[in-house]
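Participant: Before I ask anything, here is the structure I am working with.
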Amino acid sequence: MNYIIIAMMITLSMLILATSTSKFKNFHKEKNSPFECGFDPFSLTRIPFSLRFFMISILFLMFDIEIVIMLPMPLSSNSTSYMMLTMSTILFLILTGLLYEWKLGMVQWFT
C-alpha cells in the first residue's frame, strides 16, 4: 500500500514539474510555426478525396482481415467439419458482399 502512495506522489510531482516548466509565456503563432518557404501553413488543410477510393480501401481492409482470420484455420491440427463449415460460411458472406458492391458500382474506379 505504501508503494502505491509513493508511486502516485512521484507521478504527481513529475506531472506538476513538467506542466509548470513547459508553459509558454509569450505564445506567438508565427514564431512557433515551422518555416516553409512559399507555403502558408495556417491555411485549411482539408482537401477532398474520392469516395470510391475510400470504399475500395474499406473493401481491402475487410479482405485483409478475412485472410488473417482464415489463414490459420486449415493449418490447425484439429480441423473439423464445423470449422470448415464456418470458414466456408464466412467466405460466402464476404464474397456475396463483394458481388453486391460490384453490382452497385462501388468497386469501379472510373465512372
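Participant: Return yes or no: is ARG46 within 30 Å of GLY105 (Cα to Cα), modelled with pLDDT under 80, surrounded by 10 or more Cβ atoms within 10 Å (Cβ to Cβ) and of a type outside the set (Phe, Trp, Tyr)?
Facilitator: Considered against the rule, which asks whether it is within 30 Å of GLY105 (Cα to Cα), modelled with pLDDT under 80, surrounded by 10 or more Cβ atoms within 10 Å (Cβ to Cβ) and of a type outside the set (Phe, Trp, Tyr), ARG46 comes out as no.
Participant: I would also like to ask the following. Pairs only if they're at least six apart or on different chains, beta carbon under 8 angstrom, first in the stretch 54-79 and touching a residue at least 40 places away in the same chain (Cβ under 8 Å), second outside any loop (DSSP other than H, G, I, E, B) and not aromatic (Phe, Trp, Tyr); list them, first residue then second.
Facilitator: MET55/GLU101; LEU59/LEU98; LEU59/GLU101
The values are calculated or read from the model by the stated rules, or taken from the named source; none is laboratory data. Remember, predicted model here, so these are calculated numbers, not experimental data. A quick note on method: Cβ atoms are made from the backbone with ideal geometry, for glycine too, and the neighbour counts reach across all protein chains shown.
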